[in-house]
Amino acid sequence: MIPKPKVQTPPELRRQADEMFSIIIRSQYAGVNGKEFCFVCGICANWHHLQCGHFLARGNYKARYSEINCKPICPDCNRKQKFGDKEVEEKFRDKLIQMYGEEEVEKLKKDYKIHKLYKSDYIEMIEKFKIRIGELQ
Ligand SMILES: [Zn+2]
């Protein structure tokens, strides 16, 4: 008997999308030696050792997969950011403003409201991420 294709649930798709998006965020600016800088404190590490930091918490699905909102950051800064460390948050914000301008960062905040993603959104996103990751390698 032919096994039925495995149907993925939205949480599984979300996990897969998160993992892929994290790879894109952490590796896209890495040098040929795999080194990357923490967006907040500037420490240099292999991108595998950095994490995908969210300026606005990832409970918001629009911000969760925004390349403006997400940057490679070190585990230390990420932990502080999650616990609401003001210094890390300010540095994160300042660097985002330097990079995109204040208007863009404010817009991100305005978009910061519950935005539900459906199974089809995840599937579409995962397909796009696959292409991005292919281009990065
Ligand atoms: Zn850091």
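Numbers at a glance
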quantity: In segment 66-137, the trypsin sites (Lys or Arg not before Pro) that fall in loop regions by DSSP, at most 13 other Cβ within 10 Å; calculated: Lys113, Lys116
quantity: For Ser120, net neighbour charge (Lys/Arg +1, Asp/Glu -1) across residues whose Cβ lies under 15 Å away; calculated: 0
quantity: Length released on extending from Cys41 to Met99, taking residue separation times 0.36 nm less the Cα-Cα span; calculated: 19.3 nm
quantity: Positive-end residue, segment 16-93 charge dipole about Cα centroid, Cβ charges, pick of Ile43, Phe21, Asn60; calculated: Asn60
quantity: Check: the chain dipole with +1 on Lys, Arg Cβ and -1 on Asp, Glu Cβ, in debye; calculated: 540 debye
quantity: Alpha-carbon radius of gyration plus Dmax, which is the widest Cα pair, for segment 30-112 in Å; calculated: 12.4, 38
quantity: Proxy reagent accessibility, fewest Cβ within 10 Å first, across Tyr118, Tyr61, Tyr100; calculated: Tyr118, Tyr100, Tyr61
quantity: Placed amide H near Ala57: partners under 5 Å, 5+ positions off or other chain; calculated: none
quantity: Percentage relative contact order, segment 1-119, counting C-alpha pairs under 8 Å, at least six apart; calculated: 24 percent
quantity: Neighbour-count ranking [beta-carbon atoms within 10 angstrom, fewest first] of Val105, Val32; calculated: Val32, Val105
quantity: Within segment 1-52: Cβ-based charge dipole about Cα centre, in debye rounded to nearest 20 (Lys, Arg +1; Asp, Glu -1); calculated: 180 debye
quantity: Residue order, fewest to most beta carbons within 10 Å, for Leu108, Leu50, Leu136; calculated: Leu136, Leu108, Leu50
quantity: Estimated [θ] at 222 nm from DSSP helical runs (n ≥ 4, -39500 (n - 2.57)) normalised by residues in the chain, nearest 500; calculated: -16500 deg cm²/dmol
quantity: Derived scalar couplings ³J(HN,Hα) [segment 29-38; Karplus, 6.51 cos²θ - 1.76 cosθ + 1.60; whole Hz; x for Gly, Pro]; calculated: 9, 5, x, 4, 7, x, 7, 8, 9, 5
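The numbers here are math on the coordinates, done by the rules we state, and not lab data. Nothing here was measured: the structure is a model prediction, and the numbers come from that model. We place every Cβ from the backbone using ideal geometry, glycine too, and count neighbours over all the protein chains shown.
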